[in-house]
Amino acid sequence: MPEPILTVAGVSKTYKNGPTALGTVDLTVNRGEIFALLGPNGAGKTTLISIICGIVTPSAGTVTVAGHDVTRDYKAARRAIGLVPQELATDQFESVLATVTFSRRLFGRSGHSDYIEQVLRDLSLWEKRHSKIKDLSGGMKRRVLIAKALAHEPQILFLDEPTAGVDVALRRDMWKLVHRLREQGATIILTTHYIEEAEEMADRVGVITGGKLLLVEEKNALMAKLGKRQMDLTLVEPMTAIPAALSDWPLTLEDEGHTLRYIFDAKAEDTGIPRLLERLAQQHIAFRDLETRKSSLEDIFVDLVGERA
Amino acid sequence: MNLHGIWAIYRFEMARFGRTIWTSLATPVITTTLYFIVFGAAIGSQMRGVDGISYGAFIVPGLMLLTIFSESIFNASLGIYMPKFTGTIYELLSAPLSPIETVLGYVGAAATKSMVIAMVIFATAHLFVDLHVAHPLLMLLYLLLVTASFALFGFCLGIWANGFEQLQIIPLLVVTPLTFLGGAFYSLDVLPEPWRTVTLFNPVAYLINGFRWTFFGQSDVSFALCVAVTLGFAALCLAAVVTIFRTGWRLKS
Ligand SMILES: Nc1ncnc2c1ncn2[C@@H]1O[C@H](COP(=O)(O)OP(=O)(O)OP(=O)(O)O)[C@@H](O)[C@H]1O
Ligand SMILES: [Mg+2]
């Protein structure tokens, strides 16, 4: 029986002199889950996270974290939360150890703890613990922010675009770290622009755009939906209907019969393409050009919005 | 009560002061010395004392407050302005800290630093004049109250400010003139009318006179009135801080 750790109910936000950044959002995340919020720039991801963490005041709605209302019972709720912000905001003149200890204390825990050492070691920061933050590289600074967020042993960790501006190696490390944290019992909510990242990291994915949470699905179900590719064959002779000989494939005619379109599952063992091409040759259907492409995030949004409408 | 949280902010602020400790301490010593050379030795020798107090001793409380005002405002305002400026405020806003706890950390640290500087000025003054404080305990309490009030005021200023120049403009255009005009270096009794009456509308005059009373047991206006005005100012600043946090003004969108 999944136990909800985060409940967002009817939350909306309109910034003063600004747009409606968030429509009415309802969302439940269970304990131990890795949840990805997937959406383009300006979708409202940061706004939603900021409301949960107490940085932005919602225009309406309620948020409950670990059973505590984030406004009425804000202390208990916030003790359960760790936040790694999107922007690299650090105290440049502090040492790594000092700034992480500061975070732990700020959240109401004693600064003397072996836990801090463990976190710094996990993030490969222990050797750098006496370095000033200003002397670290950007990727290292992001790790420091993660260490700060973990310092008070939160139950739920928010990572706002953890891999923005991070190289491939560090990105891999980050993904490993997220999975390790989950093994230790943490719940993780992250935002990303990239389908691949949501796919790599998450158990469930919420797709958000224009302040609306369009859908929330198990990753596998979503990937089945999203992981489609499309192949377009530009025909020499336009067709009016699809020949019966090709009825094994879900084909459509586009562009007034000039294009034969085949949508297939990129992940499937057998895409059916070789057989399709063979059959076309047998039927003497000639084509001038062949193009395949992956559905982009934009396509998916268009599809999803279309489905809803 | 999140004592660890208050302690974290307090330590952080004290560490910031620690990085500039020598300039922080040398500045008041040099300034005080200059004031004593100018007002104490050069001009002071021409001035008769006030009610039997030598002019050099008379200006010590005003001199201390002049520095205290600007130090308390500067340190508390910078303390909260910097996180706003660098973006690290996110952590403060998402921490399990009540407004009072946050303020205790910042204002406590700023007040501590001001108290230390006040004591440095006090000690420096001893090099130049004979000083006997009539009510030492009251003097310390009064100093603490004034320091805390101005730190609260500075805290509001730091939240309000949208740029570094705004941080400096209020102390420069409001607090320093009011301090000079509030009798930091003269007795209100030497002022001709209507200036004496006008000065009685300057709240800083009461702060200075109240503090001077703790030194010499006498002042231009009644000590009770001075304490009342000082407490009133402290209450006003506290109310402002509480309101700011309650509404999230300039802190949360
Ligand atoms: N403080 C603010 N005042 C006014 N408008 C804001 C503020 N913060 C965000 N917005 C607006 O709210 C909308 C949602 O922004 P938000 O930062 O939540 O998006 P996001 O999904 O995090 O985008 P990104 O992927 O670029 O980080 C945007 O239109 C943005 O311009
Ligand atoms: Mg964002």
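Each value in this text was obtained by applying a stated rule to the coordinates, not by laboratory testing. Quantities reported herein were computed from a predicted structural model and do not represent experimental measurements. No Cβ is skipped: glycine too gets one built from the backbone with ideal geometry, and neighbour counts run over all protein chains shown.
Over 26 Å between Cα atoms, which of A:Lys45/B:Lys252; A:Lys45/A:Lys132; A:Lys219/B:Lys252; A:Lys176/A:Lys219 qualify? Mind dumping the intermediate values first?
Working: A:Lys45/B:Lys252 17 Å; A:Lys45/A:Lys132 31 Å; A:Lys219/B:Lys252 34 Å; A:Lys176/A:Lys219 18 Å.
Checking Cα-Cα distances, A:Lys45/A:Lys132; A:Lys219/B:Lys252 exceed 26 Å.
Enumerate the calculated ³J(HN,Hα) couplings along region A:78-95 in order (Karplus 6.51 cos²θ - 1.76 cosθ + 1.60, θ = phi - 60°), each rounded to whole Hz, writing x wherever the residue is Gly or Pro.
5, 4, 7, 10, x, 10, 10, x, 5, 7, 7, 9, 9, 8, 3, 8, 8, 7
Return the calculated 222 nm mean residue ellipticity for chain B, to the nearest 500 deg cm²/dmol, obtained by summing -39500 (n - 2.57) across DSSP H runs with n ≥ 4 and dividing by the residue count.
Mean residue ellipticity at 222 nm (helix-derived): -23000 deg cm²/dmol.
Would you work out the Kirkwood radius for chain A? I mean one over the mean of 1/r across all pairs of different Cα atoms, in Å. Let's see the in-between values first.
Details: mean 1/r = 0.0455 Å⁻¹.
About 22.0 Å, per the Kirkwood formula over Cα pairs.
Note down the nm distance, to one decimal, between modelled labels 7 Å out along Cα→Cβ at B:Asp189 and at A:Thr57.
5.2
Across region A:255-272, in residue order, what do the Karplus-derived ³J(HN,Hα) couplings come to in whole Hz, using 6.51 cos²θ - 1.76 cosθ + 1.60 with θ = phi - 60° and x for Gly and Pro?
Per-residue couplings from phi come out as 6, 6, x, 7, 10, 9, 10, 10, 9, 9, 8, 5, 8, 5, 4, 10, 7, x Hz.
Compute, for region B:1-140, the length of the dipole vector about the Cα centre, with Cβ point charges of +1 (Lys, Arg) and -1 (Asp, Glu) only. Units Debye, rounded to 20.
Computed charge dipole of region B:1-140: roughly 220 debye.
Report, by chain and number, residues whose modeled amide H sits under 5 Å from the one on A:Glu33, excluding near sequence neighbours (fewer than 5 apart, same chain).
A:Ile188
Hey, how many Å between the Cα centroid of region A:148-185 and the Cα centroid of region B:81-116?
The two parts, judged by their Cα centres, are 28 Å apart.
When you look at the Cβ of every residue in B:82-92, what mean number of other chain Cβ atoms sits within 10 Å?
Mean partner-chain Cβ count within 10 Å for B:82-92: 5.
If I take R0 = 30 Å and measure r between the Cβ atoms of A:Gln283 and A:Thr28 in this structure, what FRET efficiency does the formula 1/(1 + (r/R0)^6) give, to the nearest 0.05? Let's see the in-between values first.
Numbers: r = 52 Å, r/R0 = 1.72.
After rounding, the FRET efficiency stands at 0.05.
Which aspartates and glutamates have a Cα lying under 16 Å from the Cα of B:Lys84, excluding residues fewer than 8 positions away in the same chain?
The reachable aspartates and glutamates, counting only those whose Cα sits under 16 Å from B:Lys84, are A:Glu87, A:Asp91, B:Glu13, B:Glu165.
I need the phi-derived Karplus couplings for region A:135-148: 6.51 cos²θ - 1.76 cosθ + 1.60, θ = phi - 60°, integer Hz, Gly and Pro marked x.
In residue order, the calculated couplings are 8, 8, 6, x, x, 5, 4, 5, 5, 4, 4, 5, 4, 4 Hz.
Which value at 222 nm does chain A reach when only helices count, each DSSP H run of 4 or more adding -39,500 (n - 2.57), with the total divided by all residues and rounded to the nearest 500 deg cm²/dmol?
Value at 222 nm, helices only, nearest 500: -9500 deg cm²/dmol.
If you build the Cα gyration tensor of the protein assembly as shown and take the root of 5 times each eigenvalue, what three semi-axes come out, in whole angstrom, biggest first?
67, 23, 20
How far, in degrees from 0 to 90, does helix B:3-18 lean away from the longest principal axis of the Cα atoms of chain B, to the nearest 10?
60
Would you mind counting up the charge near A:Ala151? Only other residues with Cβ under 10 Å from its Cβ, with Lys and Arg at +1 and Asp and Glu at -1. Can you show the working numbers first?
Working: positive: A:Arg104, A:Arg105, A:Arg109, A:Lys148; negative: A:Glu153.
Net charge around A:Ala151: +3.
Rounded to the nearest 0.05, what FRET efficiency do A:Ala244 and A:Asn220 give with R0 = 35 Å and r taken as the Cβ-Cβ distance? Could you check? Show your work: numbers first, answer last.
Numbers: r = 34 Å, r/R0 = 0.98.
Using R0 = 35 Å, I get an efficiency of 0.50.
Run the reach check for A:Lys212 against aspartates and glutamates, Cα to Cα strictly under 17 Å, same-chain hits fewer than 8 apart removed. What comes back?
A:Asp26, A:Glu298, A:Asp299, A:Asp303, A:Glu307
Using alpha carbon centroids, what distance separates region A:21-49 and region B:145-197, in Å?
48
Given an 8 Å cut-off on Cα distances and at least 6 residues of separation, report the relative contact order of region B:157-241 as a percent.
Relative contact order comes out at 21 percent.
Applying 1/(1 + (r/R0)^6) with R0 = 56 Å to the Cβ-Cβ distance of A:Arg293 and B:Thr86, what FRET efficiency is obtained, to the nearest 0.05?
0.85
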